[in-house]
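Colleague: What follows is a single structure, and I will ask about it in a moment.
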Amino acid sequence: MTPEQLKASILQYAIQGKLVEQRPEEGTGEELYQQIQAEKQRLIQEKKIKKEKPLAEISEDEIPFDIPESWKWVKVGKIGSWGAGATPPRTNPAYYGGTIPWLKTGDLNDGLINEIPEFITDLALEKTSVRLNPVGSVLMAMYGATIGKLGILEISATTNQACCACIPYNGIHNRYLFYYLMSMRRTYISMAEGGAQPNISKEKIVNSLFPLPPLAEQKRIVAKIEELLPLVDRYATSYEKLEQLNAKFPEDMKKSILQYAIQGQLVEQRPEEGTGEELYRQIQAEKQRLIAEKKIKKEKPLAEISEDEIPFDIPESWKWCRLSSLTYNWGQKTPDKTFCYIDVGSINNISHTLNIENAVVEAKDASSRAKKIVQKGDVIFATIRPYLNRLSDDFP
């Protein structure tokens with residue numbers, strides 16, 4: 001499970017009422033809803049908020065998942081005063097450079113917002129449709145690539161039209177609303193419409209559904225979420241390290257196996273199998289026979305191996321040798337008939353196998369380099385660009 005999936009699971013458990021237990025003494029979502037609606041009516045009468053069009057009733061088909069019996073499904077528009085912002089005309093310099101923070105969606109950080117780089121004036125607040133949102137307001141981006149990005153104001157601020165702000169009513173814990181909106185981000189993104197810059201509207205937001213628990217339970221849910229999220233961050237760090245290890249593991253393991261093999265640490269040594277010295281003498285006897293039969297040419301003697309040259313320890317039954325003292329080559333010949341031509345590109349440096357499907361060449365078409373003779377069982381190693389690791393013993 002990725003860190004993102006783990007975080008999404010925690011939030012999903014939270015909004016489904018599965019993260020903390022329900023307590024009868026804390027009341028019900030229905031009782032809280034009635035209190036919220038009473039507060040809303042009071043604010044309308046006091047002309048602190050405007051009366052809005054009634055929202056449609058929730059149908060059974062709309063409900064996305066089950067919630068506890070003590071909770072209640074409500075429309076998001078019922079739990080706070082929602083409003084989109086505005087951009088004061090840039091052509092009027094008297095609207096900018098004041099003391100009132102003016103937030104754009106790029107300033108949203110999925111966390112607490114206490115710094116906003118741009119400011120507007122009191123005149124802009126008075127003459128345009130920007131709304132001053134108090135501390136604790138929950139903000140959500142509605143446009144483009146930032147759809148669903150969130151923030152909670154720790155300072156009073158206005159926003160542009162790409163951002164929708166909610167001033168929660170009493171009884172709604174703003175952090176519970178914040179985490180609910182975060183859990184629903186994919187859903188809001190799927191609701192977006194438009195071409196180059198898709199967007200969701202305030203209407204879509206306020207008509208979406210919200211699972212309402214009692215206030216005390218909201219606070220306990222938030223406390224549990226904020227207890228778990230730091231653990232998710234720690235998990236993310238470990239997960240990233242594990243991913244890096246997993247990416248390196250096959251190559252590192254292969255190198256380790258090969259290193260153990262050539263150091264005599266991969267299998268045990270058995271005295272009855274003889275020694276490297278004995279095998280070396282047999283090889284030298286074979287080499288002298290091939291020279292005597294003129295199948296290979298005699299080469300210059302090789303220098304003795306010094307102690308300084310030895311790169312690592314090997315078992316006592318093994319022997320360090322010069323590679324050319326253990327091998328020979330078949331020499332060179334200019335092709336005089338159809339033959340199989342192997343170049344560097346014919347060797348797969350991952351599987352170390354040969355691809356010779358298109359390697360048959362007529363003698364008259366032979367490259368000037370096509371002279372080295374190889375036979376079945378030979379080990380082929382590219383000396384051009386050796387960093388490509390072109391090595392094969394797969395010659396048919």
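Colleague: Enumerate the pairs (first residue in the range 102-126 and modelled with pLDDT of 95 or more; second residue anywhere and part of a helix (DSSP H, G or I) and among the charged types (D, E, K, R)) with beta-carbon separation below 6 Å, excluding pairs fewer than 6 apart on the same chain, so at least 6 apart or on different chains.
Modeller: So the pair list comes out as ILE116/ASP107.
Colleague: Starting from the range 157-178, take each residue that is over 18 Å from ARG220 (Cβ atoms) and among the aromatic types (Phe, Trp, Tyr) and list its partners that are open to solvent by less than 10 Å² (accessible area, probe 1.4 Å) and not in a helix (DSSP H, G or I), counting only C-beta distances under 6 angstrom and pairs at least six apart or across chains.
Modeller: TYR169/GLY80
Colleague: Which of the helices (runs of 4 or more DSSP H) contained wholly in the range 196-299 include at least 3 residues that are among the small types (Gly, Ala, Ser)?
Modeller: Ranges flagged: 215-262, 276-292.
Colleague: Select, from ALA145, ALA165, the only residue that is over 19 Å from ILE63 (Cα atoms) and open to solvent by 20 Å² or more (accessible area, probe 1.4 Å).
Modeller: ALA145
Colleague: Within the range 19-35, how many residues are surrounded by 12 or more Cβ atoms within 10 Å (Cβ to Cβ), in a loop (DSSP other than H, G, I, E, B) and not hydrophobic (A, V, I, L, M, F, W, C)?
Modeller: Qualifying residue count for the region: 4.
Colleague: Considering only the range 36-46, I want to know if a residue exists there that is open to solvent by 30 Å² or more (accessible area, probe 1.4 Å) and touching a strand residue (DSSP E or B) at 6+ places or on another chain (Cβ under 7 Å).
Modeller: no
Colleague: Looking for whichever is in a loop (DSSP other than H, G, I, E, B), over 30 Å from GLU25 (Cα atoms) and either of a type in the set (Gly, Ala, Ser) or open to solvent by less than 10 Å² (accessible area, probe 1.4 Å) (or both) here; the options are ALA124, ALA86. Which one fits?
Modeller: Sole residue among the options that is in a loop (DSSP other than H, G, I, E, B), over 30 Å from GLU25 (Cα atoms) and either of a type in the set (Gly, Ala, Ser) or open to solvent by less than 10 Å² (accessible area, probe 1.4 Å) (or both): ALA86.
Colleague: Here's something else I'd like to know. Being in a loop (DSSP other than H, G, I, E, B) and either open to solvent by less than 60 Å² (accessible area, probe 1.4 Å) or farther than 18 Å from TYR239 by Cβ (or both) is the filter here; which residues of the range 1-18 pass it?
Modeller: THR2, GLN16, GLY17, LYS18
Colleague: Further question: Go through the range 293-317 and report how many residues are under 29 Å from GLY331 (Cβ atoms) and either open to solvent by less than 80 Å² (accessible area, probe 1.4 Å) or aromatic (Phe, Trp, Tyr) (or both).
Modeller: 3
The values are calculated or read from the model by the stated rules, or taken from the named source; none is laboratory data. Everything quoted here is computed from the prediction, not taken from an experiment. All Cβ positions, even for glycine, are placed from backbone atoms using ideal geometry, and neighbour counts span all protein chains on display. What goes into the accessible areas is simple: the full protein's heavy atoms, side chains included, and nothing from ligands, DNA or RNA. Shrake-Rupley method; radii C 1.70, N 1.55, O 1.52, S 1.80 Å.
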